[in-house]
Amino acid sequence: IHSRDWIKEFLTANGDLVDIVSFHRNPFGNFDPFPDEFMKSSQEWDYIIPNLRQLILSTTGRDIPIAVTEVNSNWSNRSREETTPDSFLNAIWWADSLGRMIGQHVTIVNQFALDGSGGWALLGSQKPRPSYYVYQIFSEFGNQVLFSSSGIEKVSAYAARKADGSLSVILINRSNDPQQVKMVLRNFTPQGSASWRLLDSAHMAAEMPSLQISNSSHLSLPALSVSLFLIPATN
């Protein structure tokens, strides 16, 4: 509430001069959340961004772009624990958070940080941390965002068309158990095999065997995983 009031007062005084509204978000501050709490927290972006957008519009009369210019689960330099920023669970959290911000049409997102001595950095001293591989997944996401929904409580779905007409679908399983999902495709006819990249505890955005995906196909999602499916379209 305090930060929202500050933004409102700032926009009331300076809204006519503002080209983009930027804020930082580290939801867990300087402590490590419990895993269940961690996996639920990515949903907050579905409230934070619409509420801020409404505040901007009601205060300035304009729909000003939004940027999240520093974001991670927390800003501590802790590492090697189950929910510290260098953890595998952080990668699942970050994938779902990034997907939700894309779905909410956030203009700029800057993850904190690329390199550094703290556990928050994407790059460690010897190898990338798990959250680094989230970008390998999203680098193949399309630029025309489409409506998508899983209908399953702990499974998130994000879809976009690519420039070549193919469909990119990211499915995130935030559950500790495998999940079965039914793929329902509307206004899209698949053609040929779909490629699959998987990020889970055993695969870091690895290429998996291709799949035949059609309307009403059932897909198996490993526990705590991010899957990217690239589905070619009929020419």
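The values are calculated or read from the model by the stated rules, or taken from the named source; none is laboratory data. Just so you know, these numbers come straight off a predicted model, no measurement behind them. Cβ: placed from backbone, ideal geometry, glycine included. Neighbour counts: every protein chain shown. The area values use the complete protein model at the heavy-atom level, side chains included, leaving out ligands, DNA and RNA. Shrake-Rupley method; radii C 1.70, N 1.55, O 1.52, S 1.80 Å.
A few comments on the model shown:
- Counting only residues that are out of contact with any strand residue (DSSP E or B) (no Cβ under 7 Å at 6 or more places or on another chain) and polar (S, T, N, Q), the stretch 186-207 holds 2 of them.
Conditions (1) of a type in the set (Asp, Glu); (2) closer than 26 Å to Gly142 by Cβ; (3) within 16 Å of the chain's Cα centre (by Cα), marked per residue:
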{"site": "Gly15", "(1), (2), (3)": "no, no, no"}
{"site": "Tyr47", "(1), (2), (3)": "no, yes, yes"}
{"site": "Val68", "(1), (2), (3)": "no, yes, yes"}
{"site": "Ser73", "(1), (2), (3)": "no, no, yes"}
{"site": "Arg78", "(1), (2), (3)": "no, no, no"}
{"site": "Ala91", "(1), (2), (3)": "no, yes, yes"}
{"site": "Met101", "(1), (2), (3)": "no, yes, yes"}
{"site": "Thr107", "(1), (2), (3)": "no, yes, yes"}
{"site": "Gly116", "(1), (2), (3)": "no, no, no"}
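- When the stretch 67-116 is limited to residues that are in a strand (DSSP E or B) and in contact with a Ser or Thr (Cβ under 6 Å, 6 or more places away or on another chain), the one that is farthest from Ala157 (Cα to Cα) turns out to be Thr69.
- Exclusive hit being touching a residue at least 60 places away in the same chain (Cβ under 8 Å) and either touching a Leu at 6+ places or on another chain (Cβ under 9 Å) or not charged (D, E, K, R) (or both), set Phe147, Phe141: Phe141
- Arg186 falls short on exactly one of the conditions (1) part of a strand (DSSP E or B); (2) open to solvent by 10 Å² or more (accessible area, probe 1.4 Å); (3) out of contact with any His (no Cβ under 8 Å at 6 or more places or on another chain), and that condition is (1).
- In the condition set (1) of a type outside the set (Asp, Glu); (2) more than 27 Å from Ala121 (Cα to Cα); (3) modelled with pLDDT of 95 or more; (4) open to solvent by 50 Å² or more (accessible area, probe 1.4 Å), Thr59 is compliant with all but (4).
- Condition met for Ala206 (part of a strand (DSSP E or B) and farther than 29 Å from Asp86 by Cβ): no
- Pick from the stretch 105-162, criterion at pLDDT 95 or above and of a type in the set (D, E, K, R), ranking: surrounded by the most Cβ atoms within 10 Å (Cβ to Cβ): Arg129
- On the stretch given as the stretch 110-131, residues that are closer than 16 Å to Arg80 by Cβ and in contact with a Leu (Cβ under 9 Å, 6 or more places away or on another chain) total 8.
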